[in-house]
1. Given the criteria part of a loop (DSSP other than H, G, I, E, B), without any contact (Cβ under 8 Å) to a residue 60 or more places away in the chain and either surrounded by 14 or more Cβ atoms within 10 Å (Cβ to Cβ) or outside the structural domain of residue 58 (by TED's automatic domain parsing) (or both), does residue 164 qualify?
2. Considering only residues that are in contact with a strand residue (DSSP E or B) (Cβ under 7 Å, 6 or more places away or on another chain) and closer than 12 Å to residue 88 by Cβ, look in the range 98-118 and name the one that is surrounded by the most Cβ atoms within 10 Å (Cβ to Cβ).
3. Report whether or not residue 80 is within 19 Å of residue 47 (Cα to Cα) and in the same structural domain as residue 44 (by TED's automatic domain parsing).
4. Looking at residue 151 and the list (1) more than 12 Å from the chain's Cα centre (by Cα); (2) buried (at least 16 other Cβ atoms within 10 Å of the Cβ), which single condition is not satisfied?
5. Do the conditions hold for residue 182, that is, is it buried (at least 16 other Cβ atoms within 10 Å of the Cβ) and either within 15 Å of residue 54 (Cα to Cα) or touching a strand residue (DSSP E or B) at 6+ places or on another chain (Cβ under 6 Å) (or both)?
């Protein structure tokens, strides 16, 4: 159905459709999008906040609070992928890998950050009373309420709520999402 709709709506011929007689009702659509169940990220660092583009404005909000400005912090400080704000003991992963030789490796919470991914100085900066770690631990529903006064974030979070993802956490590793959850995050 996708190749047929794409040809009718966009004039595109990405793939040859299977044989068909007729498809009615395409005039009621203005576009068609192909969303599959492939993972949204193959690393534990990818999460719903990074995939949807929510993480960048959240980091900008944190960088804009008076405490962060007085310390000279920029949005990069609030990324667990960049030196400066992340916990260097675990490289911002929040866990340490323990090699078990003949058994599967295990992961234990980092002793320094206690699984929070950031260093103490970064966690001291609060936006509306919450640290960056506490925000990433919020469910989509909690985050929607928390960022109600930030229209760009509220809109994206509302879309995730509309597709039934109220319960996943903003910072939940993409590798832990089911195929259906990943598919809905892509919407």
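The values are calculated or read from the model by the stated rules, or taken from the named source; none is laboratory data. Since this is a predicted model, take the numbers as computed values, not measurements. FYI the Cβ positions are ideal-geometry reconstructions off the backbone, even for glycines, and counts take in every protein chain you see.
1. Numbers: part of a loop (DSSP other than H, G, I, E, B): yes; without any contact (Cβ under 8 Å) to a residue 60 or more places away in the chain: yes; either surrounded by 14 or more Cβ atoms within 10 Å (Cβ to Cβ) or outside the structural domain of residue 58 (by TED's automatic domain parsing) (or both): no.
No: the conditions fail for residue 164.
2. If we filter the range 98-118 for residues that are in contact with a strand residue (DSSP E or B) (Cβ under 7 Å, 6 or more places away or on another chain), which is where we start, we get 98, 100, 105-110, 115, 117-118.
Now drop any that are not closer than 12 Å to residue 88 by Cβ, which leaves 110, 117-118.
Details: 110: 19, 117: 26, 118: 24.
Per the criteria, the residue is 117.
3. yes
4. Among (1) more than 12 Å from the chain's Cα centre (by Cα); (2) buried (at least 16 other Cβ atoms within 10 Å of the Cβ), residue 151 violates only (2).
5. Against the criterion (buried (at least 16 other Cβ atoms within 10 Å of the Cβ) and either within 15 Å of residue 54 (Cα to Cα) or touching a strand residue (DSSP E or B) at 6+ places or on another chain (Cβ under 6 Å) (or both)), residue 182 does not qualify.
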